[in-house]
Amino acid sequence: MIYRYRFISEHRAEFGVKRLCQVLGLRRQGFHEWAAAEAVREAAAEQERELIAVIASIHAQHRGAYGQPRITAELRRRGHVVNHKRVERLMREQGLTGITRRKRRSLTRPAAAAVTAVADVIRRDFTAREPGQRFVGDITYLPTFQGWLYLATVIDLHNREVVGHAMGDHLRADLVCDAITLAGARGLIGPGAVFHSDRGVQYTSGQFRAALTEHRIRPSIGRTGSCYDNAVAEAFFATLKTEIGTTIWRTRDQARHDLYRYLHYYNHNRLHSTLNHRTPHETRTSYHQQQAA
């Protein structure tokens, strides 16, 4: 039917609408109703083309990492009234997909002696009512042609923000101590806070325990060989390695530069599903604003 209406529209000046409708067995009223709605259809098509452009821009801005849920959330943050199924359809039609996280290889080397004096305070409850109270951390690596670059993190469970980090070409306890020190220097650790980790030698060292004591932080340690006891830290590293883009860097300095840039992006720009698609930074800021009010 639509094709015949289009044929009439294209040849109406030459043959007239009445004659073409008679030949094609159509009612003139039906054609005129279709023609009157053409402007509406064209406006809808133009709106969809504009939406596709915005979706493609968001997808590129986040280096292809965003799938349908985050792109839908970002569109709504920008004032677009849009259904997630529509976004899914448009992304599929344009060949746009998010990135699937890779499985992380663990660096944990358990301490030679069993650590029995430290309890698991977190117990897989990866939530916190307020910022600065409950943290998790771990160590990962990035490959460069100069050797490994190691990254230690401190993540606030309230808003999933990386509040402290340290990078180095070694796996000494200094690395994890520096990460804690940075978080403390930024004023993002409250008194009586808890820091949870695995049983790696860095986290069970006397040097790290002293650093925790200095910042009035209680230690918490998961069980041996259980990645689920430190799932938030594991998940962050899986996300980082999936989204950062480069698989191997020429130098450690280049890897550091990309890590600094990604950490800033993660804290300030990347929408987090656990936070109702808000960023870690705005979640912390919103909390303090509510408390002040």
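For this structure, a couple of remarks:
- Qualifying residue in segment 35-56 (condition: exposed (fewer than 10 other Cβ atoms within 10 Å of the Cβ) and on the phi > 0 side of the Ramachandran plot): no
- Subset of segment 269-287 that is over 12 Å from the mean Cα position of the chain (by Cα) and free of Cβ contacts under 8 Å to residues at least 40 places away in the same chain - its residue that is nearest to residue 69 (Cα to Cα): 282
- Of the residues making up segment 142-198, those that are over 18 Å from residue 244 (Cβ atoms) and of a type in the set (Lys, Arg) are 172, 186.
- With respect to the conditions (1) part of a helix (DSSP H, G or I); (2) touching a Ser or Thr at 6+ places or on another chain (Cβ under 8 Å), residue 219 falls short on a single one, namely (1).
- For the residues 153, 144, 181, the requirement of being of a type in the set (Val, Ile, Thr) and modelled with pLDDT under 95 singles out 144.
- Tallying residues that are buried (at least 18 other Cβ atoms within 10 Å of the Cβ) and either assigned to a helix (DSSP H, G or I) or of a type in the set (A, V, I, L, M) (or both) within segment 236-262 yields 11.
- Only a single criterion out of (1) at pLDDT 85 or above; (2) among the small types (Gly, Ala, Ser); (3) closer than 30 Å to residue 173 by Cα is not satisfied by residue 117, namely (1).
- Segment 120-151 - residue that is farther than 21 Å from residue 177 by Cβ and aromatic (Phe, Trp, Tyr) and, of those, nearest to the chain's Cα centre (by Cα): 126
- Residues (under 40 Å from the mean Cα position of the chain (by Cα) and either hydroxyl-bearing (Ser, Thr, Tyr) or at pLDDT 75 or above (or both)) located in segment 24-40: 40
- Residues that are outside any helix (DSSP H, G or I) and either under 19 Å from residue 151 (Cβ atoms) or free of Cβ contacts under 8 Å to residues at least 24 places away in the same chain (or both) were ranked within segment 200-216; the one that is farthest from the chain's Cα centre (by Cα) is 205.
- Screening residue 168 against (1) buried (at least 21 other Cβ atoms within 10 Å of the Cβ); (2) farther than 30 Å from residue 277 by Cβ leaves a single unmet condition, (1).
- Residue list for segment 217-260, filter: in contact (Cβ under 8 Å) with a residue 60 or more places away in the chain and of a type in the set (S, T, N, Q): 220, 224, 230, 239, 242, 247, 251, 254
The values are calculated or read from the model by the stated rules, or taken from the named source; none is laboratory data. These numbers were taken from a predicted model, which means no experiment stands behind them. Heads up, the Cβs are rebuilt from the backbone with ideal geometry, glycines too, and the neighbour counts pull from every protein chain shown.
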